[in-house]
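Working notes for the structure below.
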Amino acid sequence: MNPFKTYFMGGFECADHINRSGERVNLLKYTQHDIRVEEDYQLLADMNILVVREGICWSQVETSPNIFDFSEVLNRMQAAEKFNMQQIWDLIHFGYPDDLYPTHPKFCERFANLSRAFANFYKANAKQNLLVVPINEISFLSWHSGDVRGTVPFAVNSGWDIKYHLCKAAIIGIEALKETDPLCRIILVEPLVEIHPDDDTEEEHLFELNQHQFQAMDIISGRICPELNGKEEYLDILGFNYYWNCQWKVGGESLDWPDLENKRFPLREMLKAAYYRYKKPLFLSETGHIGSGRVEWMEEITNECIKVQESGIPFFGICIYPVIDRPNWDNLHEFHDCGIFDVDAQLNRIPELNLIRSIKKQQEQVARSSAAALSLQQLITSY
């Protein structure tokens, strides 16, 4: 059964890592979502979007080792109750406390303590079941911090090592969450990519490259690295993040979008492949576009996702990301023009009206498709 209130969801940028300049990023504050949360939820409620992705910002809530202050998180939880909003909570969205990094000897223990503390806090204060992403995009974070010096520990040639330790932490964190709140739903979120061959790429090498995106879920499910004690049951709901630059050639060149030459692999086939690999319900946990083309991108994405749903796969919806325009991680004065709502110099929300009108049409399109699928299922059942 689909646990989400609405098919379309909205994601708020909540990265809180240390950027390449050594500056602590806190996009929750840079976008003022922390102090405008009621305004932001009202904007989404007016669009009949009643599910949001949020992040607790570990670097902000653990004020000193194993001492937690969830008061700001509580403010957003209370706003959700006021606006009938369902929240999905990321525990790690790229950031950790200043004294930690994934290969630190205390990292797993501290993450387990965070997971346990948050689950207890949530049970004591929430009226809805906990939907939780332990670590957002382990694959991307491993590459960003372990291969290209994007954040701590600012390493190179260490992506696998970072990934291994993040997966170890995720497994221990899931165990802590489940022990504290057996009814919580675990959502694993990873990028969904397709790597295309260059002229001289061998087929076996290309296949191997495309398998790397599934390593984190394979570890957490116990399919590889069994010494970490992953379990298939830890794959509860799967989220996949997909943007225009998630398809590239072996050499690193992104494939053009719009795809005028039909070189890109259809998103529907990528989602189907992910489903048949794990046989778990899934949704598109992030998607959106920068600048112009936002309407056309979302229309294409919705059409692809409807085809997935119509194929009989348990596909739960689409999270548009971000709701509010966000700045560049490494240049916090440069905004991307990528939200459902852009911002002015005072961070007032400026609606992207063409996109909002298009989303309304897409909601109607999804409703028609869902109704047709239900009628067909009822017809089949009646025989």
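The values are calculated or read from the model by the stated rules, or taken from the named source; none is laboratory data. Computed from a prediction, not measured in an experiment: that's the story for all the values here. Cβ placement follows ideal geometry from the backbone for every residue including glycine, while neighbour counts extend to all protein chains displayed.
Taking the range 151-184 on its own, how many of its residues are assigned to a loop (DSSP other than H, G, I, E, B) and of a type outside the set (A, V, I, L, M)? Total meeting the criteria: 8. Just so you know, in the range 90-122 the residues that are of a type in the set (Asp, Glu) and surrounded by fewer than 22 Cβ atoms within 10 Å (Cβ to Cβ) include one that is farthest from residue 229 (Cα to Cα), and it is 98. A single member of 263, 307, 279 is of a type in the set (Lys, Arg) and in contact (Cβ under 8 Å) with a residue 40 or more places away in the chain, and it is 263. The single residue among 53, 149 that is modelled with pLDDT of 95 or more and buried (at least 19 other Cβ atoms within 10 Å of the Cβ) turns out to be 53. Given the criteria part of a loop (DSSP other than H, G, I, E, B) and modelled with pLDDT of 95 or more, does residue 116 qualify? No: the conditions fail for residue 116.
Against the definition (surrounded by 18 or more Cβ atoms within 10 Å (Cβ to Cβ), at pLDDT 95 or above and either more than 19 Å from the chain's Cα centre (by Cα) or part of a helix (DSSP H, G or I) (or both)), how does residue 141 come out, yes or no? Taking the combined requirement at face value, the residue satisfies it. Of all residues in the range 291-321, those being modelled with pLDDT under 95 and either assigned to a helix (DSSP H, G or I) or in contact with an Asp or Glu (Cβ under 8 Å, 6 or more places away or on another chain) (or both) number 1. A single member of 135, 67 is of a type in the set (Val, Ile, Thr) and in contact (Cβ under 8 Å) with a residue 40 or more places away in the chain, and it is 135. Here residue 87 meets the list (1) within 16 Å of the chain's Cα centre (by Cα); (2) surrounded by 24 or more Cβ atoms within 10 Å (Cβ to Cβ); (3) not hydroxyl-bearing (Ser, Thr, Tyr) almost entirely, failing just condition (2). Across the range 8-46, the number of residues qualifying as in contact (Cβ under 8 Å) with a residue 12 or more places away in the chain, surrounded by fewer than 23 Cβ atoms within 10 Å (Cβ to Cβ) and among the small types (Gly, Ala, Ser) comes to 3. Among the residues of the range 185-213, those identified as closer than 24 Å to residue 257 by Cα and part of a helix (DSSP H, G or I) are 206, 207, 209, 210, 211, 212, 213. Here residue 332 fulfils each of the conditions (1) over 20 Å from the mean Cα position of the chain (by Cα); (2) in a loop (DSSP other than H, G, I, E, B); (3) under 30 Å from residue 23 (Cβ atoms) apart from (2). Screening residue 153 on (1) under 27 Å from residue 9 (Cα atoms); (2) touching a Ser or Thr at 6+ places or on another chain (Cβ under 8 Å); (3) in contact (Cβ under 8 Å) with a residue 40 or more places away in the chain shows it passes everything except condition (1).
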